[in-house]
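Below is one structure, written out as structure tokens, with a few remarks after it.
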Amino acid sequence: MADLNQMLKLLGELDDQIVGCMRCGMCQSVCPLFAETGRESDVARGKIALLEFLGHEMIKDTKAVKDRLDKCLLCGSCAAACPSGVKAVDIFIKARAIITAYIGLSPIKKAIFRGMLTKPALFNTLLALGSKFQGFFTSPVNDIIGSSCSKLLSPLLGDRHLLSLADKPLRSIGNLNTAPGKSGIKVAFFYGCVVDKMFTSVGESILKVFEHHGVGVYMPTEQVCCGVPSLASGDLTSYQDLVRMNLKVFGKGDFDYIITPCGTCTSAFHHVWPLMNEGFSQAERDQIEMLAGKAMDINAFIVDKLGVTAVEPASDAAKVTVHDPCHLKKSLGVSGQVRTALKANPNLQVVEMTGSDVCCGCGGSFNLQHYGVSTKIGKKKRDSIVATGADIVAAGCPACMMQIADMMSQAGDRIAVKHPVELYAQTLR
Amino acid sequence: MVSASLKQTLASYVGADNVMDAEADKHSYSYDAAVLDPVLPSVVVRPTDMEAVGKIVKLSNDNGLPLTVRGAGTNLSGGTIPSKGGIVLLTNALDKILEINEEDMYAVVQTGAITAKFAAAVASKGLFYPPDPGSQAASTLGGNVAENAGGLRGLKYGVTKDYVMGVNFFDNEGNYCKSGSKTVKCVTGLNIPQLMVGSEGTLAVMSEFILKLVPPPQASKAMMAIFPDVMTASRSVSAIIAAKVVPCTLEFMDNFTIGAVEGFAKVGLPTDAGSLLLIEVDGHPAQVAEDAAKVEKICQDNGCVRLQVAKDAVERNKVWEARRAALSSLARLRPTTVLEDATVPRSKIPAMMEELGKIAKEFKLTIGTFGHAGDGNLHPTILCDRRDKEEFHRVEKGVDAIFDAALSLDGTLSGEHGIGLAKSKYMEKETNRASVLYSKRIKAAVDPKNILNPGKILGE
């Protein structure tokens, strides 16, 4: 266990941000977790107050503060609505790292982050094995969604309805490095863990989009996780390892944009890496800044850079409704482009759900630690989707896709869950 | 600390999950939106049915434990800080809208229902619940009644008290009591509902309310009028009322606030303007057109340098965006925001603004003022850093001076935020010793053990 004074000193450095909270409590009106639990420590004001009390040594039980701090989707709804502009999520990410450094990482998280995520060869081999054998343990439940459930693994997985790991990861295509075509644009493609290992069709759709529009692609298969899951668990060590591994392949920056299909990965490049750049050399910081400037979501790229526009829908167009992932809309401001990309497909018409930007309840590892409340939040999202009568729900974030698929599969819905880029790519030859 | 047996009894009422006494949980209910020191409760309970509420009140009384009821904890006067420890009772699980009656135009709601959600449910039935306190998105109706919350529509539509027809509550012994009625007229017994309004949880634990609803206005028109100074704006306000026009909102912003709003929200306000008024008239379309024309002329006759009438919903929204951004824009300038609500008769607004200028100078404070010009309810907002002891001492002196100024102008300590802990020491200044004693006698009669939110309004 590290030094208490060190933790207090670091929390003290957050004090300027913490004191900006005027405790008006308006975050209660937007927090998806608070809507379920009604607990003050679940909402931003409560967490910020606990951090202030801990930093000023009014609370002794650091572990209790950590438990409450960890119970958060990091969706950013509070920060987006905060009257005094408190950057709650930034505070929480930093505080999780500070407190975890003091208390230590739980053995299981240590095993996942330091033993596996930062060792890509091992991580990839394990998941390849998983892909091979998953059929023995699971049975398909919903052919539209493509989900399965597992009686055998239920002690581990609960009642989740899971999507299968891909037979072959996207990475098996091998390194790509092609010259720009008619667009004159060269991009780096950061596919992210879930698209690599589960939603490979999203990655394939993106490559198809790049090819169609004459975009040069740099896709190094040595790329690793963006580091946000490690950081959300307060594990600064593996976060820094992962950033460095990524900088090794993307740091040269000989491309115009770095494109991802995931709101969280994009906001990692764009916002989280620059925020958490302590412990990096000046040269590394420069690379982080460079990537922050070039990071772009695939939907934004298709519309803002490739100039794709909406077309008139066919009379028999299928109905698609849009879920706005938190990090995509609230951190990056990408929402209109998603709709435009979908409307570029004449076989689709967009029908809006109520509360399209309300969190789906996944929150990455939040879903693992707090499955009960995560499901309650997710079921509300499912109800909003079903109420639209849509045939398809589109979400520009693989984690949201997993959560929504689980919720809808459990309810027996026959609504497909797609990434917007998959639906746009259907129009291309 | 509460005893294990008491904790167990509470758990038998509300379930063990809804009884919290861990160190971190007690800290979570030690504060509200007022800039005051936190005080820890001994235990926090979150009942999920009304029956449990009565039992908890009885348990508190039997054991002489202070009981502080908390809705959303958004009040600005320390009303939900458990200053004597004891039990904090959360109402946010008791949030049902029990009835919205369109024929008789009333609603019955539980204490923990959220104000804005309730107003939206009422609107979906084609009716209108006008009180709109600034915290309405998060605040509970129980909190609104306990604080007699106001809002932007006070001038024409009144405040929370004008919509409370009935209050059901638990007395200090946990007995369930009913007061008021669903009828427009009701003279059955003492006017208990109005005694409950603004009582800040010191007289009973309120459970349900019968609230009056009204038909919504058919039309409205919003405009923004810019003035070279405070005096011309204030003269316009008086002239509008004198012309028998009652706008539904009549909001004021001083030069400092205008600058802050423009700096943050970039809505196109002239930062050199001395002050501005945001005015909305509503009602029958013909009346709205006539009133809007009158208001326009009055403003121009009284020195308005620019007047902008919203042509459609988008423009109307833009006008109000400036007002909605007022507090946020000021709050971003410094770490701590001390938001006051001293209120004066509306004709005294210029005098009050002058006093505020003097106070800012004397105590070297940054004060931005906006507020409800139509009802004289100003919000002088002191921007500071509560960590700076020397500065915060000056803030406290400044707040004292603000109250003195308001009282010297025949005003009142609090227009809508309540007395709570923050202002109880000033009570005698506004009234007199006998008036405070009279209230204390009422309190002692209905709560002899002084368990119901002790220390609030009336002090020790």
Exercise for the section: Would you confirm whether any residue within the stretch B:1-15 is buried (at least 20 other Cβ atoms within 10 Å of the Cβ) and assigned to a loop (DSSP other than H, G, I, E, B)? Expected result: no
Completion exercise
Note on the stretch A:291-309: residues among the hydrophobic types (A, V, I, L, M, F, W, C), closer than 24 Å to A:Gly181 by Cβ and assigned to a helix (DSSP H, G or I) are A:Leu291, A:Ile298, A:Ala300, A:Phe301, A:Ile302, A:Val303
Exercise for the section: Can you confirm whether the stretch B:435-443 contains a residue that is free of Cβ contacts under 8 Å to residues at least 24 places away in the same chain and part of a loop (DSSP other than H, G, I, E, B)? Expected result: no
Exercise for the section: Check the stretch B:311-331 and report whether any residue there is within 29 Å of the chain's Cα centre (by Cα), among the polar types (S, T, N, Q) and within 12 Å of B:Phe227 (Cβ to Cβ). Expected result: no
Exercise for the section: Among what's in the stretch A:80-92 and is buried (at least 21 other Cβ atoms within 10 Å of the Cβ) and assigned to a helix (DSSP H, G or I), pick the residue that is farthest from the other protein chains (Cβ to nearest Cβ). Expected result: A:Val89
Problem - Residue tally, condition within 21 Å of B:Ile81 (Cβ to Cβ) and away from chain A (no Cβ under 12 Å), over the stretch B:11-20 - result: 1
Fill in the blank from the handout: Residue hits (the stretch B:147-173; away from chain A (no Cβ under 14 Å) and more than 24 Å from B:Asn101 (Cβ to Cβ)) are B:Gly150, B:Leu152, B:Gly154, B:Leu155, B:Phe170, B:Asp171, B:Asn172, B:Glu173
Completion exercise
All conditions in (1) of a type in the set (A, V, I, L, M, F, W, C); (2) surrounded by fewer than 23 Cβ atoms within 10 Å (Cβ to Cβ); (3) under 23 Å from B:Asp37 (Cα atoms); (4) facing another protein chain (nearest Cβ under 10 Å) are true of A:Leu14 except (4)
Problem - In the stretch A:116-139, the residues that are of a type in the set (D, E, K, R) and assigned to a helix (DSSP H, G or I) - result: A:Lys132
Practice task
Scan the stretch B:61-95 residue by residue and report those that are surrounded by fewer than 24 Cβ atoms within 10 Å (Cβ to Cβ) and more than 14 Å from chain A (Cβ to nearest Cβ).
Solution key: B:Asn61, B:Asp62, B:Asn63, B:Gly64, B:Leu65, B:Pro66, B:Ser83, B:Lys84, B:Gly85, B:Gly86
Handout entry: Residue check, A:Glu284 without any contact (Cβ under 8 Å) to a residue 12 or more places away in the chain, surrounded by fewer than 24 Cβ atoms within 10 Å (Cβ to Cβ) and of a type in the set (Asp, Glu)
Key = no
Fill in the blank from the handout: Of (1) touching a residue at least 12 places away in the same chain (Cβ under 8 Å); (2) at the interface with chain B (Cβ under 7 Å from one of its Cβ atoms), A:Thr37 satisfies every one except (2)
Exercise for the section: With the condition kept exactly as written, say whether any residue in the stretch A:53-61 is out of contact with any strand residue (DSSP E or B) (no Cβ under 7 Å at 6 or more places or on another chain), at negative phi, crowded, with 23+ Cβ neighbours inside 10 Å and more than 8 Å from every other protein chain (Cβ to nearest Cβ). Expected result: yes
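Results for (1) modelled with pLDDT under 95; (2) surrounded by 14 or more Cβ atoms within 10 Å (Cβ to Cβ), shown as yes or no for each residue.
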position	(1), (2)
B:Lys358	no, no
B:Lys364	no, no
B:Gly371	yes, yes
B:Asp375	yes, yes
B:Leu378	yes, yes
B:Leu383	no, yes
B:Glu391	no, yes
Exercise for the section: Might you let me know whether the stretch A:98-107 holds any residue that is surrounded by 13 or more Cβ atoms within 10 Å (Cβ to Cβ) and among the aromatic types (Phe, Trp, Tyr)? Expected result: yes
Exercise for the section: Those residues that are polar (S, T, N, Q) and either under 23 Å from the mean Cα position of the chain (by Cα) or crowded, with 20+ Cβ neighbours inside 10 Å (or both), I need them from the stretch B:256-272; list them, please. Expected result: B:Thr257
Practice task
Select from the stretch A:356-369 the residues that are in a loop (DSSP other than H, G, I, E, B), surrounded by fewer than 22 Cβ atoms within 10 Å (Cβ to Cβ) and out of contact with any strand residue (DSSP E or B) (no Cβ under 8 Å at 6 or more places or on another chain) and list them in ascending order.
Solution key: A:Asp357, A:Val358, A:Gly364, A:Ser365
Practice task
Take the stretch A:67-102 and flag every residue that is free of Cβ contacts under 8 Å to residues at least 40 places away in the same chain and not aliphatic (A, V, I, L, M).
Solution key: A:Asp67, A:Arg68
Handout entry: Members of the stretch A:22-34 found to be facing chain B (nearest Cβ under 9 Å) and in contact (Cβ under 8 Å) with a residue 24 or more places away in the chain, listed by number
Key = A:Met22, A:Arg23, A:Cys24, A:Met26, A:Cys27, A:Ser29, A:Val30
Exercise for the section: Count, please, the residues in the stretch A:381-423 that happen to be within 29 Å of A:Phe301 (Cα to Cα), among the small types (Gly, Ala, Ser) and either outside any loop (DSSP other than H, G, I, E, B) or in contact with an Asp or Glu (Cβ under 7 Å, 6 or more places away or on another chain) (or both). Expected result: 7
Completion exercise
Pairing a residue in the stretch B:24-40 that is within 7 Å of chain A (Cβ to nearest Cβ) and over 18 Å from B:Phe392 (Cβ atoms) with any residue that is surrounded by fewer than 23 Cβ atoms within 10 Å (Cβ to Cβ) and of a type in the set (Val, Ile, Thr), where Cβ atoms lie under 7 Å and the two sit 6 or more apart in sequence or on different chains, gives B:Ala24/A:Ile59; B:His27/A:Ile59
Fill in the blank from the handout: Taking the stretch A:229-240 and keeping only residues that are at pLDDT 95 or above and surrounded by 24 or more Cβ atoms within 10 Å (Cβ to Cβ), one is left with A:Tyr239
Problem - Contacts under 6 angstrom Cβ, first residue in the stretch A:335-355 being acidic (Asp, Glu), partner assigned to a strand (DSSP E or B), 6 or more apart - result: none
Practice task
Mind telling me which of the residues A:Ala310, A:Ala394, A:Ala405 ends up being more than 22 Å from the chain's Cα centre (by Cα) and touching a residue at least 12 places away in the same chain (Cβ under 8 Å)?
Solution key: A:Ala310
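The values are calculated or read from the model by the stated rules, or taken from the named source; none is laboratory data. It should be emphasised that the depicted structure is a prediction, and the values quoted were computed from it without experimental measurement. Glycine gets a Cβ as well: all are built from the backbone with ideal geometry, and neighbour counts include every protein chain shown.
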